[in-house]
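Asker: Below you'll find the structure I mean.
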Amino acid sequence: MDNDQQTDEGNQGQAASGTPDKPAGTARSKRHRSGGRPKGSKGPGAIRGGIDAIRSVRSASKEHADARERAEALKKQVAADSAELAHRDKIEGDYPQIVERQRAEMAEASTLLAKAGEESQRLSVEVEGLTQRLDAMKAANEEQLRPYRELMNSTKGRSDDAAKSLSDVRRAVKAADQQVSDTAKRREQRIDASNRSVDNAQDRLRKVQAELTSLQADPSASPAAVSKMQSEVVAEQAHLDAAREEVKRVTAECQQLMDNAQTHLWTQKQSLETLERQAGEARKEADARREEYERLHNEATCREKELSDQIAARKGDLEAANKDAAAAQGRIDAAQEALDEANSIHATPEATAQLRGKIAQDKASLHLQQAEVDRLAAAERGLRSKTRGQRYGFVAIVVVACVVVLALVVVMLVLPNLH
């Protein structure tokens, strides 16, 4: 069931307390008075009557809604003005007490404001003085620490240089030690090679001597073979002597090389010991200077922090004093605003009277407007009841027309497929 139908059925037994606005057009007015065509009428007249009936109901509903909105606006205005009037009456009734109370509030807040202002000024001067002291302390500390910092940096530089030199000498000692090992290895190799030459020469000499002895014992041996073998013995003896001399020479040469390498290693080790001692002393001196500078720097930092903490505490107190001053000023402003409002209301009783009269007029207008709303509501109910048949008939005709059109469309789509 739609809204119109519910409204119509709910208002069937109620009599209209007024009449709806006269619709525009002579034919339309006649339909309103006669209630339209009889229920169930056919043809274009029924369609025209149904359309006019729907338009009339919409027009009456809009007029009713507009009147209701104007009544609501009047209600809100009366409520706001009544609240304002009650406020003015209360202010006027309590005027002496309000003046006394707000003046006392202003006096108390002014005292607090002056006290907070004095405290703020005192703290500002103290913060400025402490800040100047801190700046001077930082400058003095910097001047005092500068020589110790320079000394720390210079000793650190010397320690770094000594450490670098020590690293270089350690590499040189390692290289010299490797050189000694390589020289000893080469010495053994060369002496072994020389001794092998001596051994080979001795073996060949013994063979040649044995062959010579064999030839000399053989009566049939030719003197030429004996002579040749004797020459070979002499040659091998010379080779053996030369090999033995080579052993002596190589041994002496390798020993000299070995002595040189060991001397170089010893020299590098001596340099290493000296640099290790110097690097240790430089490192100790650098550590001592660094610890001295850090101690003095930490002491200066502690003194600066103590003064910085004092400044921070004073700034906190200053911020609290400024907040107290702002709060006191806020109380003064609020009291002055309340006092100004009370004085303004007390000095303008005619404005209160005008507001009272305006409220009375608005209430009378609201009463008339509410009566108009009731009249339009009754007229709308009556019009809905009177035109129900026309509107329902129009809706039925529209529904039937839609069904017929849909049936024609279906027929037009189905018939070609049947052939």
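The values are calculated or read from the model by the stated rules, or taken from the named source; none is laboratory data. If you're wondering where the values come from, they're calculated on a predicted model, not measured in any experiment. Heads up, the Cβs are rebuilt from the backbone with ideal geometry, glycines too, and the neighbour counts pull from every protein chain shown. All accessible areas refer to the heavy atoms of the entire protein, side chains included, with ligands and DNA or RNA removed. Shrake-Rupley method; radii C 1.70, N 1.55, O 1.52, S 1.80 Å.
Asker: Go over the candidates ALA175, ALA217, ALA221 one by one and state the one that is farther than 30 Å from ASP287 by Cβ and under 60 Å from the mean Cα position of the chain (by Cα).
Answerer: ALA175
Asker: Can you tell me which residue is least open to solvent (accessible area, probe 1.4 Å) among those in the range 137-148 that are more than 39 Å from the chain's Cα centre (by Cα) and without any contact (Cβ under 8 Å) to a residue 24 or more places away in the chain?
Answerer: Only one residue fits best here, namely ALA140.
Asker: Please state which of the following conditions ALA107 fails to meet, knowing it meets all the rest: (1) more than 19 Å from ALA328 (Cα to Cα); (2) under 52 Å from the mean Cα position of the chain (by Cα).
Answerer: It is condition (1) that ALA107 fails.
Asker: Follow-up. Tell me which residues, restricted to the range 216-239, are open to solvent by less than 70 Å² (accessible area, probe 1.4 Å) and in contact (Cβ under 8 Å) with a residue 12 or more places away in the chain.
Answerer: Within the range 216-239, VAL226, MET229, VAL233, GLU236, GLN237 meet the criteria.
Asker: Right, here's the next one. Can you tell me which condition ASP340 does not meet? The list is (1) open to solvent by less than 30 Å² (accessible area, probe 1.4 Å); (2) more than 30 Å from ASP66 (Cα to Cα), and all the others hold.
Answerer: Of everything listed in (1) open to solvent by less than 30 Å² (accessible area, probe 1.4 Å); (2) more than 30 Å from ASP66 (Cα to Cα), ASP340 misses just condition (1).
Asker: Please tell me if GLN310 is more than 30 Å from ASN141 (Cα to Cα) and among the polar types (S, T, N, Q).
Answerer: No, not satisfied.
Asker: Any idea which residue in the range 279-318 is farthest from LYS156 (Cα to Cα), counting only those that are touching a Leu at 6+ places or on another chain (Cβ under 8 Å) and of a type in the set (S, T, N, Q)?
Answerer: GLN310
Asker: Between ALA242, ALA210, which is within 21 Å of SER197 (Cβ to Cβ), at pLDDT 85 or above and either open to solvent by less than 80 Å² (accessible area, probe 1.4 Å) or touching a Pro at 6+ places or on another chain (Cβ under 8 Å) (or both)?
Answerer: Every option except ALA242 fails the conditions.
Asker: Go through (1) in contact (Cβ under 8 Å) with a residue 40 or more places away in the chain; (2) more than 19 Å from ALA71 (Cα to Cα); (3) open to solvent by 60 Å² or more (accessible area, probe 1.4 Å); (4) within 60 Å of the chain's Cα centre (by Cα) and name the single condition LEU355 misses.
Answerer: Every listed condition holds for LEU355 apart from (3).
Asker: Follow-up. Kindly list the number of the only condition in (1) among the aliphatic types (A, V, I, L, M); (2) buried (at least 16 other Cβ atoms within 10 Å of the Cβ); (3) without any contact (Cβ under 8 Å) to a residue 40 or more places away in the chain that fails for ALA107.
Answerer: ALA107 satisfies all of (1) among the aliphatic types (A, V, I, L, M); (2) buried (at least 16 other Cβ atoms within 10 Å of the Cβ); (3) without any contact (Cβ under 8 Å) to a residue 40 or more places away in the chain except (2).
Asker: Please go through the range 286-324 and give me each residue that is more than 20 Å from LEU123 (Cα to Cα) and crowded, with 17+ Cβ neighbours inside 10 Å, ordered by number.
Answerer: ALA286, ARG289, ARG290, TYR293, ALA300 - these are the residues of the range 286-324 that are more than 20 Å from LEU123 (Cα to Cα) and crowded, with 17+ Cβ neighbours inside 10 Å.
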